[in-house]
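For reference, the structure discussed in these notes is given below.
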Amino acid sequence: MNFAIGLGLDTLSFSLSLLLVSLGLVIIFGLMNVINMAHGEFFLLGAYSVVAVQQLQLPYWAALIVAPIALALVGLVLEQLIIRHVYHRFIDTILATWGISIVLKQLIIIGFGPTSQSIVNPLPEPVHILGVVYPSFRLFIMGAALAVSIATFWVFYRSNLGLAIRGVIANRAMAASLGLNTRRMDRWTFAFGAALAGFAGAVMAPIMSVDPQMGGGFLIPAFLSIMVGGVSHLFGVVLGVGLIGSTSTVISSLDTQLAAQIAVFLLAIVIIRLWPEGLITRKR
Amino acid sequence: MLKVSEVVAGYQAGSRVLDGFSMHVRPGEIVALLGRNGMGKTTFLKALMGHVAVSGGSLSLDGEEIGGLKPYEVARRGVGYVPQGREIFPDFTVEENLLMGLLGRPELPSEVPDWAFEIFPILHERRKQRGGSMSGGQQQQLAIVRALVGRPKLLLLDEPSEGIQPNIVQEIGHVLSRIARDEGLTVLLVEQNMELVLGMAQRCLFMENGAIAYETDEVQKLRTDPAPIHRYLSV
């Protein structure tokens, strides 16, 4: 029974973490159609902002504010210099953002060195929950992921700003003809996606090995989740991370990490083969 | 209201779809711009909206030069645009489509006013329905009201009757004439459908090869003497 509760909590924790990491991608890849190969590095920069905050002797929690602001600025600069030239050139976005990812990763190595950094766990005391002992920081991650996801979905699917952003993405020329400043909206949408990736990096840093290669670890399952769930509806991503997250956690606890990866890829291949647009699509 | 002089515009650098195009529209007037396909009518509207680069001449709205402005800047100066093919947002509901007509106007409240649903009653009935699920005529009505909620001074309509059942074309004609009369809205209508033009327009401009070839303000005379229609519209 305790094993089942532990496994359930692990599954929920991994799925929610994956959701948190996927959110920025949902916006940049799902809504803006930019295959952002640098998304892992945005996440990485977010994690390293925790290292920087720690070096400045500031409390960990400051990084949760510093990281999204820093990444929004990075996003604004990259959008202005590079990304805006490759919108609607779907394949070119891969090359451009891959280049960005290499540069960002090397900058981190120059700044912080190639080795792994240790981050102090800000909530070291475990808690008792449903009869099992569970790390309290993981519960914090789950709460943060849930809150940020709800806020993001609310902005994009319930607010006027979100409607305008989706309108610009759906039909740029028409949105402009209705008086919307499309350049400004592109810029800020991209920056918002980058800020979410940075926030995710800062939130996840204390439970991960913070090194220059960490960006890739969550990037692949995040892309898979979005493709499996579909991007045209908000529940698509939730379903996607649920499927990928639970498959991965359950199989790795019963068998090996390798078996879990094989299962996740098989699942993704089958689903994408049968539902190329993802499981949840809008009726046309 | 709108004064266009010697405008040169085209899609690629150096191409001159419009080559020294001049015309004007007076306040409160309904003007029809007619001509065969490929004569530059749509290009002119796009140049006016800032979607096609203007390489020469001047476009002025109420005395202010608008040539070279970005589309959103033109829109915010009071130009409503109903493009060819309607271009509604198919995944958005009727209400959300109308809201899109307001979100780009910071000076207007971001709430669809009740009168917007009264212009064409079908929009009220379908307000929660997806725009893409409606018929062509209903989508056209939606596109027109979406432009009107932004309270334009000048409304540009690009072939609003294209592919629409005649009774809806007639309804659109009546409604727009009434709004123009009651509220002083200025309308520039690009059309090939003479029924709508004869029912609405106060002046007709016939366009050929990127310039105005013939102009008349005796629109009803075109019913009895359709020679210009044959000359400039028949294929």
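The values are calculated or read from the model by the stated rules, or taken from the named source; none is laboratory data. Please read these numbers as outputs of a predicted model, since none were measured by experiment. Using ideal geometry, Cβ is built from the backbone for each residue, glycine included, and neighbour counts are taken over all protein chains shown.
Quick one: which residue in A:Gly242, A:Gly278, A:Gly216 is at positive phi and at pLDDT below 95?
A:Gly278
Search the range B:152-170 for residues being surrounded by fewer than 19 Cβ atoms within 10 Å (Cβ to Cβ) and touching a residue at least 40 places away in the same chain (Cβ under 8 Å), and hand back the single one that is farthest from B:Ile119 (Cα to Cα).
Ranking the qualifying residues of the range B:152-170, first place goes to B:Glu162.
Could you list, in sequence order, the residues of the range A:147-187 that are free of Cβ contacts under 8 Å to residues at least 12 places away in the same chain, surrounded by fewer than 20 Cβ atoms within 10 Å (Cβ to Cβ) and either away from chain B (no Cβ under 14 Å) or of a type in the set (A, V, I, L, M) (or both)?
Result: A:Ala147, A:Ile150, A:Ala151, A:Trp154, A:Val155, A:Leu161, A:Ala170, A:Ala173.
Looking at (1) at pLDDT 95 or above; (2) closer than 14 Å to B:Tyr81 by Cβ; (3) in contact with a strand residue (DSSP E or B) (Cβ under 8 Å, 6 or more places away or on another chain), which is the one condition that is false for B:Val25?
(2)
Going by the structure shown, is A:Gly30 touching a Leu at 6+ places or on another chain (Cβ under 6 Å) and either assigned to a helix (DSSP H, G or I) or within 12 Å of A:Ala222 (Cα to Cα) (or both)?
Considered against the rule, which asks whether it is touching a Leu at 6+ places or on another chain (Cβ under 6 Å) and either assigned to a helix (DSSP H, G or I) or within 12 Å of A:Ala222 (Cα to Cα) (or both), A:Gly30 comes out as no.
When you check B:Leu142 against the structure, is it in a helix (DSSP H, G or I) and either surrounded by fewer than 15 Cβ atoms within 10 Å (Cβ to Cβ) or within 17 Å of the chain's Cα centre (by Cα) (or both), yes or no?
It is true that B:Leu142 is in a helix (DSSP H, G or I) and either surrounded by fewer than 15 Cβ atoms within 10 Å (Cβ to Cβ) or within 17 Å of the chain's Cα centre (by Cα) (or both).
Here are some residues: B:Val17, B:Val8, B:Val4. Which one is among the β-branched types (Val, Ile, Thr) and either modelled with pLDDT of 95 or more or within 20 Å of A:Ser177 (Cα to Cα) (or both)?
B:Val4
Looking at the range B:117-139, which of the residues that are within 14 Å of chain A (Cβ to nearest Cβ) and in a helix (DSSP H, G or I) is nearest to B:Gly85 (Cα to Cα)?
Looking at the filtered set, the residue picked out is B:Gln139.
At negative phi, assigned to a strand (DSSP E or B) and surrounded by 15 or more Cβ atoms within 10 Å (Cβ to Cβ), is that true of B:Val8?
It is true that B:Val8 is at negative phi, assigned to a strand (DSSP E or B) and surrounded by 15 or more Cβ atoms within 10 Å (Cβ to Cβ).
Would you say A:Ile150 is within 22 Å of the chain's Cα centre (by Cα) and closer than 27 Å to A:Val237 by Cα?
yes
Can you confirm whether B:Gly67 is at pLDDT below 95, under 28 Å from B:Gln12 (Cβ atoms) and either more than 15 Å from the chain's Cα centre (by Cα) or part of a strand (DSSP E or B) (or both)?
When the stated conditions are applied, B:Gly67 passes them.
Before we move on, is A:Asp211 surrounded by fewer than 19 Cβ atoms within 10 Å (Cβ to Cβ) and over 17 Å from the mean Cα position of the chain (by Cα)?
yes
Can you report the number of residues in the range B:70-116 which are surrounded by 21 or more Cβ atoms within 10 Å (Cβ to Cβ) and more than 10 Å from chain A (Cβ to nearest Cβ)?
Total satisfying the criteria: 4.
Going by the structure shown, is B:Asp182 charged (D, E, K, R) and without any contact (Cβ under 8 Å) to a residue 12 or more places away in the chain?
Yes; evaluated as a whole, the condition is true for this residue.
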